[in-house]
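Q: Would you mind keeping the following structure in view while I ask a few things?
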2 protein chains.
Amino acid sequence: MAYDDLFLRACRREPTERTPMWMMRQAGRYMPEYRAIRENHDFLTMCKTPELAVEVTLQPVDLIGVDAAILFADILLPLEGMGLELAFAKHEGPVIGNPVRDRSDVRNLRVADPVADTGYVMEAIRQLRHELRDKVPLIGFAGAPFTLASYMIEGGSTRAYIKCKSLMWSDPQAWDELMTVTTDTVIAYLLAQIEAGAQAVQVFDSWVGFLSPSDYERSVLPHTTRLIAEVSKAGVPVINFANNAAAMLSKVKRAGGDVIGLDWRVDIGDAAEWIGPDFAIQGNLDPMTLFAPVEVIEAKAREVLEKVGTRPGHIFNLGHGIHKDTDPEHAKALVRAVREHSSRIRGGGVA
Amino acid sequence: MAYDDLFLRACRREPTERTPMWMMRQAGRYMPEYRAIRENHDFLTMCKTPELAVEVTLQPVDLIGVDAAILFADILLPLEGMGLELAFAKHEGPVIGNPVRDRSDVRNLRVADPVADTGYVMEAIRQLRHELRDKVPLIGFAGAPFTLASYMIEGGSTRAYIKCKSLMWSDPQAWDELMTVTTDTVIAYLLAQIEAGAQAVQVFDSWVGFLSPSDYERSVLPHTTRLIAEVSKAGVPVINFANNAAAMLSKVKRAGGDVIGLDWRVDIGDAAEWIGPDFAIQGNLDPMTLFAPVEVIEAKAREVLEKVGTRPGHIFNLGHGIHKDTDPEHAKALVRAVREHSSRIRGGGVA
């Protein structure tokens, strides 16, 4: 295996001989090799122990054959440095012990120091770049300000976002202050990841699809735009992924970035048109497709690739994280199908 | 209060002096008057006792001031007549005792008889038309075939739809048979509702937004299209509501209907353009807006109304069901705001 920057070339919309692919949550529970490590360490310990984070980050590169590694970490890690108590309850996901409920809680938050507070992430990145030198590029990532703020306010997972939206609407000044301190934290965190060696970064706005377009535009977009503009100055590609927000792509793309991530709820041909030629696109196979028979997986991968055609700048990905019950053999079949069919479409040689 | 067919005129895209409004799940737990009845009867008993269903259906008409009544019922009621065991577990939502898992399960299903199996619904509609004769029109409804099939296969609520999608992909013939018997059931059910007196019907595809557009087009759209075409022959307006599917509205509208329902994830101005002039539109305020201060509720209602302008055929609604913790006074404030501001926009007189 020789180092291949295919993924980075696709981010920059340069011609590629085939379509690179990686999968959101590719270092995860669907892999028995991951579960073997997870069995002996709790989730936060894995995130905070560079050797473990490095090991599971590398697993899908070596075993599944993806074209990029993405750091194993959690989007909520920077919250600890902001002054929040973070835990992962069994089966219930993240829990914030001291959620943000009002203006005075907001004013108690500080901008996290990426090195002092999350130095373990930077150390993992440094080790990973060393390990990956003959393989593939490394992607860093962070949660977008809205998604992080929603966890801080709700104190955990929700489907209604009542507390979060209530604060946003009832005290817009406190909301802006919260988004500002969060954005400052994420900017510093991503710049530190890039300095440590991340060759691209993805901004995950996992829950922004629960907002109406007008709330997104008024209360979120200015912050995400500032985030992406500041991080872009470091010169590595930025992937802007707003989950479940395809009906407001015209607003999402105004936040900027080099690549727009797409979930599976939109036709990638339609999305490419809405987004226009100034961005690369990433996506967008339904992750549940991996529960289908292999020939269906292959047909659906071909369908996505054919809708994109020879457009410069496509990174194949699932439209959401790979599900924990996925058969790894099916993930490998997808990688093979994308590799083979995209080589046919893109000619197998740099145009 | 004199009978006002404002809602029906808007469905038919006739000029209206203001914008009619109702709210999905308007007969529900946010009203203390509803909870008082619910305290003494379980949910299924309320659905199956016409006097109780009638009483709670009328509550929001009398107390909140909406411009249409919608029958109190559950989308899963017709499943019993198809041969499925339906229960509502406390806090866990619907449970199907004998879910559909393969082709032989599908072949054991029968088309439900709307009168023999769900006569209580038709009786409630007859009583409601009598009670509502001096008030507002009555909307009937049903779940769309995909949403019903997803419950039948999963056996309850889910966020992943693994079993449902697996059957759809691994045995398309069984899937088509399941969708066909379900569609036949829903056609008969809605035609019986119309015969009993429903003056419009809404088709709820609550979970279709979990499908990719290509799966929707291939595996769902032909069935929903047949459903709406058959029901439309009865001559009352059909509202086609595909939840969380705004990024595939160009496909959803091909299923037909007189009115396209919109959730809150799309700008209603954009949606009106994508849908075109041949449909009325319904929506699309974020239901959580009702947790905001009253002046924010008013501003956000005005925003929706102004984006629609004087376009013929707008029915104001929430983008999803009203949340159980909503303050009824806030729901009333919304009704007032829509009434006042839309009268200003639409001139307060038929153009």
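Where a number appears in this text, it was derived from the coordinates with a stated rule and is not lab data. Computed from a prediction, not measured in an experiment: that's the story for all the values here. As a convention, Cβ positions derive from the backbone with ideal geometry for all residues, glycine included, and neighbour counts pool all protein chains shown.
Q: Applying the selection to segment B:292-305, what residues are within 11 Å of chain A (Cβ to nearest Cβ) and either of a type outside the set (Val, Ile, Thr) or closer than 18 Å to A:Trp175 by Cβ (or both)?
A: Within segment B:292-305, B:Ala292, B:Pro293, B:Glu295, B:Val296, B:Ile297, B:Ala299, B:Lys300, B:Glu303 meet the criteria.
Q: Considering B:Asp205, B:Asp184, B:Asp215, which residue is in contact (Cβ under 8 Å) with a residue 40 or more places away in the chain, away from every other protein chain (no Cβ under 14 Å), among the acidic types (Asp, Glu) and surrounded by 19 or more Cβ atoms within 10 Å (Cβ to Cβ)?
A: None of the others qualify; the one that does is B:Asp184.
Q: Let me ask something else about it. Does segment B:292-344 hold any residues that are aliphatic (A, V, I, L, M), part of a helix (DSSP H, G or I) and touching a residue at least 40 places away in the same chain (Cβ under 8 Å), and which are they?
A: Matches in segment B:292-344: B:Ile297, B:Ala301, B:Leu305, B:Val308, B:Ala331, B:Leu334, B:Val335, B:Ala337, B:Val338.
Q: Do any helices (runs of 4 or more DSSP H) lying entirely in segment B:1-97 carry at least 3 residues that are farther than 25 Å from B:Arg110 by Cβ and of a type in the set (Asp, Glu), and which ones are they?
A: B:50-63
Q: Shifting gears a bit: Would you say B:Leu285 is more than 9 Å from every other protein chain (Cβ to nearest Cβ) and either within 22 Å of the chain's Cα centre (by Cα) or over 26 Å from A:Ile162 (Cβ atoms) (or both)?
A: Considered against the rule, which asks whether it is more than 9 Å from every other protein chain (Cβ to nearest Cβ) and either within 22 Å of the chain's Cα centre (by Cα) or over 26 Å from A:Ile162 (Cβ atoms) (or both), B:Leu285 comes out as no.
Q: Answer with yes or no whether B:Thr289 is farther than 22 Å from B:Asn243 by Cβ and in contact with a Lys or Arg (Cβ under 8 Å, 6 or more places away or on another chain).
A: Answer is no for this residue.
Q: Just to be sure, is A:Gly347 in contact (Cβ under 8 Å) with a residue 24 or more places away in the chain and within 14 Å of chain B (Cβ to nearest Cβ)?
A: no
Q: Taking segment A:220-234 as the region of interest, how many residues are without any contact (Cβ under 8 Å) to a residue 40 or more places away in the chain and not in a helix (DSSP H, G or I)?
A: Number satisfying all stated conditions: 1.
Q: A follow-up question, please. If a residue has to be buried (at least 23 other Cβ atoms within 10 Å of the Cβ) and within 21 Å of A:Lys163 (Cα to Cα) to count, how many in segment B:288-317 make the cut?
A: Total meeting the criteria: 4.
Q: Return the only residue of B:Ala280, B:Ala234 being away from every other protein chain (no Cβ under 14 Å) and touching a Gly at 6+ places or on another chain (Cβ under 8 Å).
A: B:Ala280
Q: Now for a separate question. For segment B:237-291, which residues satisfy the criterion of being farther than 18 Å from B:Thr310 by Cα, among the hydrophobic types (A, V, I, L, M, F, W, C) and either part of a helix (DSSP H, G or I) or without any contact (Cβ under 8 Å) to a residue 24 or more places away in the chain (or both)?
A: Residues satisfying the conditions are B:Ala246, B:Ala247, B:Met248, B:Leu249, B:Val252, B:Ala255, B:Val266, B:Met288, B:Leu290, B:Phe291.
Q: Which is touching a Phe, Trp or Tyr at 6+ places or on another chain (Cβ under 6 Å), farther than 22 Å from B:Glu80 by Cα and away from chain A (no Cβ under 14 Å), of B:Phe241, B:Phe210?
A: Of B:Phe241, B:Phe210, the one residue that is touching a Phe, Trp or Tyr at 6+ places or on another chain (Cβ under 6 Å), farther than 22 Å from B:Glu80 by Cα and away from chain A (no Cβ under 14 Å) is B:Phe241.
Q: Taking the conditions exactly as written (crowded, with 24+ Cβ neighbours inside 10 Å and within 14 Å of chain B (Cβ to nearest Cβ)), does A:Trp274 satisfy them or not?
A: Considered against the rule, which asks whether it is crowded, with 24+ Cβ neighbours inside 10 Å and within 14 Å of chain B (Cβ to nearest Cβ), A:Trp274 comes out as no.
Q: Restricting to segment B:308-337, name every residue that is touching a Lys or Arg at 6+ places or on another chain (Cβ under 8 Å) and among the β-branched types (Val, Ile, Thr).
A: Selection gives B:Thr310, B:Ile322.
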